[in-house]
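The values are calculated or read from the model by the stated rules, or taken from the named source; none is laboratory data. In this text, all values refer to a predicted model and were calculated from it rather than measured experimentally. Cβ coordinates were reconstructed from backbone atoms using ideal geometry, including for glycine residues, and neighbour counts include every protein chain displayed. Just so you know, the surface numbers come from the protein's heavy atoms only, side chains and all, with ligands and any DNA or RNA stripped out. Shrake-Rupley method; radii C 1.70, N 1.55, O 1.52, S 1.80 Å.
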Amino acid sequence: MRPADPQQFFVGYVDGVPQRTRSFLAPLIALCLVVVASVAGLAATLQNDAGDGVFEFGVTKPFAGWIERLPHPVLVSPDPSGDGHSRYLLSAFGKHGADELFTGAPGAWYELEGTLVYRDGRSMIEVVAGSVSIATTPTGAVHPTASPDELGVRTLTGEIVDSKCYLGVMKPGNLKSHRACAVRCISGGVPPVLLVRDDEGYATYYLLVDDEGGAVNERVLPMVALPIEITGEVERHGDLLVLRSDPDSYTLLHE
Amino acid sequence: MGVGYRAVGWNRNKKRYDQVVLVGVLLSIAAFVVLSLVTDKGLTFETALIRSTAITAFLLLHVILCIGPLARLDQRFLPLLYNRRHLGVTMFAVAFVHGVFSLIQFHALGDTDPLVSLVTTPISGGAAGFPFQPLGAAALAILFLMAATSHDFWLANLTAPVWKALHMLVYAAYGLIVMHVALGALQDQRHPVLLAAVIVGLVLVLGLHLIAGFREKGSDREVAPSGTDDLTGWVDVGPADEIPDTRARILTVSGERVAVFRDGTRVFAMSNLCQHQNGPLGEGCVRDGLVTCPWHGYQYRPEDGQSPPPFHERVPTFATRVVDGRVWLDPEPRAAGTFVEPSTTTNP
Ligand code: HEM
Ligand code: FES
């Protein structure tokens, strides 16, 4: 088990490793390096796909429209074609919502700069600090008048995610690894949404509000990033779905 | 400070060692990043950095933990132990990058101080709802403490037993990290091979420690005093010529491990515990007339267990006698550094 010859005995401060020890260790060290690199590479290969969200990092564009409060501000922007509107979820820099950026009276027309985040046809704007201003409504801009479609009571199964990270700012932006971050974002006012994926992998997002239409951010924090079932009234506001339900009635599915 | 310590200095072996460690770290990070890109996982740069450093540090920790028992099982692994400190500091540095980037990525720019946010993620029932990041943070704190006190200066100031106890915390850190991974990444990453890899690592670390422990126990002969006549209370170590030349036989008397050496015709005994990091002196050898520790090469004089000047280390010594070719040991330790005349055996 041990070399009998004291000359074969390794003493660190004496330069040179005894030949016997060297020819024993060298292949083992090489093997160890190969194993380490292989395990790291294997872990990379087997990890989940982070999805196809997009964050146009570093690119800002002008946006304009009215603000609808659900209760988080949502930008309602007339489509360039003139008919129809697009709705954008909004957030501020970092892990913050945009609730305080829009201080004008209801019906005011806003202009702002922002960075687009989008995934599965759902878009959010990260608003550039200080870029929001109120202007006169352009002639020809038609305010949407239709009241929301009531789609009735539904029971939905999915995961509560923060809309900013999941739509593309962080990849991945959901599940356990991201849970603490989602908690921070939603606590900071980023709109919480229920992510529902059907069997084909097609995603639908529901903006979460309580049964009175109020914000649920603080109340959903312990339930973020976990499998959950929510029963509530679904409303369609243009291209945006809203789910009204008291967070006390949400059911976590993992217990 | 006034406390003498001898730095295990730089030399060619250490430089080569560090080069290999650096190559390993870069290889591991590169393998993760390149394969994430090639397989088109769509990770952001931050995620790739956080994950590649995490996996690299975790792998390094396995290597570190396996070297100890391997060196106890086969002395040819000793060169790896010699500079393990650098492995530990490197592992801490890589884990630190992972921890700091995670802290920034997941907790900064929010409505709460990032360090508060780190420890206040709400707990929800089940493994999926249990916060795993504080476990990683606790492990990182331990690794920091170890890296910061890894220099021999601290070893001398804290004394070897305290230092050794502190560095035993590496096992706590390992446990925390395994939980950090099991309750974190493995909750998301459901490929069974990933779970299997963590388990294989755990089995390897535990298994090697158990095997080395059992081997040691097996060779640890607790010897009861059996002497007669003028050797009353002494311990029979066995035939002198069964101790290999320049080597020792280790035995346990009243719970203490004693190394009984033979160097040619001279027989002498001292405590098995090296004063440096409690390395096993009895697994060392006599070199240039001095007992030489297998771990970092600290040396002690046969007759009094003292390191030759200018060094100050000293270990307890024991009296020996050779009668009819058999070695006898007085189980009463002499104070560290006490002169005891080595005994002689006629048939070397
Ligand atoms: C302040 C300290 C730490 C924090 C905040 C932290 C945070 C995290 C986070 C958020 C993840 C999930 C990343 C993802 O899947 O995208 C993770 C994973 C991981 N962490 Fe830590 N960690 C810390 C310390 C450590 C330490 C000291 C180690 C020791 C080597 C470690 C090893 C790992 C490993 C192996 C993974 C799984 C691989 C991965 O998904 O990246 N962590 N950590
Ligand atoms: S333990 Fe370091 S030289 Fe003995």
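Taken as a whole, the structure places residue B:221 among residues that are at pLDDT below 90 and under 30 Å from residue B:324 (Cα atoms). Given the criteria surrounded by 21 or more Cβ atoms within 10 Å (Cβ to Cβ) and not hydroxyl-bearing (Ser, Thr, Tyr), does residue B:284 qualify? Answer is yes for this residue. When B:240, B:196 are checked against the criterion of being at pLDDT 95 or above and either in the same structural domain as residue B:333 (by TED's automatic domain parsing) or within 30 Å of residue A:180 (Cα to Cα) (or both), B:196 stands alone in meeting it. Only residues that are aliphatic (A, V, I, L, M) and facing another protein chain (nearest Cβ under 7 Å): list them for the range A:173-186, please. Correct list: A:175, A:180, A:183. When residue A:197 is tested against (1) more than 7 Å from chain B (Cβ to nearest Cβ); (2) open to solvent by 10 Å² or more (accessible area, probe 1.4 Å); (3) closer than 20 Å to residue B:185 by Cα, just one condition goes unmet, and that condition is (3).
Taking the range B:40-78 as the range and being among the charged types (D, E, K, R), over 30 Å from residue A:51 (Cβ atoms) and facing chain A (nearest Cβ under 9 Å) as the test, the residues that pass are B:74, B:76.
Of the strands (runs of 3 or more DSSP E) lying entirely inside the range B:233-327, those carrying at least 1 residues that are of a type in the set (Phe, Trp, Tyr) are B:256-263, B:266-271. Put simply, of B:81, B:115 the only residue that is modelled with pLDDT of 95 or more and more than 7 Å from chain A (Cβ to nearest Cβ) is B:115. Just give me the residues in the range A:157-172 being buried (at least 24 other Cβ atoms within 10 Å of the Cβ) and either at the interface with chain B (Cβ under 8 Å from one of its Cβ atoms) or modelled with pLDDT under 95 (or both), in sequence order. Listed by number, the residues that qualify are A:170, A:171. Inside the range B:44-83, can you point out the residues that are open to solvent by 30 Å² or more (accessible area, probe 1.4 Å) and within 16 Å of ligand 2 (Cβ to nearest atom)? Listed by number, the residues that qualify are B:72, B:80.
Scan the range B:24-39 residue by residue and report those that are more than 7 Å from chain A (Cβ to nearest Cβ) and of a type in the set (Val, Ile, Thr).
Once the filter is applied, which keeps residues that are more than 7 Å from chain A (Cβ to nearest Cβ) and of a type in the set (Val, Ile, Thr), the range B:24-39 yields B:25, B:29, B:33, B:34, B:38.
Reported count of residues in the range B:257-295, each being within 13 Å of ligand 2 (Cβ to nearest atom), under 18 Å from residue B:311 (Cα atoms) and of a type outside the set (Ser, Thr, Tyr), is 15.
Within the range B:156-211, track down each residue that is within 14 Å of another protein chain (Cβ to nearest Cβ), part of a helix (DSSP H, G or I) and charged (D, E, K, R). If the condition is that a residue be within 14 Å of another protein chain (Cβ to nearest Cβ), part of a helix (DSSP H, G or I) and charged (D, E, K, R), then B:188 is the only one that fits. Could you say whether any residue in the range B:140-147 is small (Gly, Ala, Ser) and assigned to a loop (DSSP other than H, G, I, E, B)? No, the conditions are met nowhere in the range B:140-147. I need a count of the residues in the range B:84-112 that are away from every other protein chain (no Cβ under 11 Å) and either of a type in the set (A, V, I, L, M) or open to solvent by less than 10 Å² (accessible area, probe 1.4 Å) (or both). Qualifying residue count, the range B:84-112: 8.
Among the residues of the range B:265-281, the ones that are open to solvent by less than 10 Å² (accessible area, probe 1.4 Å) and of a type in the set (S, T, N, Q) come to 1 in all. Only residues that are surrounded by fewer than 19 Cβ atoms within 10 Å (Cβ to Cβ) and within 12 Å of ligand 2 (Cβ to nearest atom) were counted across the range B:296-327, and they come to 1. The set of residues in the range B:3-39 that are in a loop (DSSP other than H, G, I, E, B) and modelled with pLDDT of 95 or more contains only B:39. Here is the figure for the range A:109-121: residues that are crowded, with 24+ Cβ neighbours inside 10 Å and touching a helix residue (DSSP H, G or I) at 6+ places or on another chain (Cβ under 6 Å) total 1.
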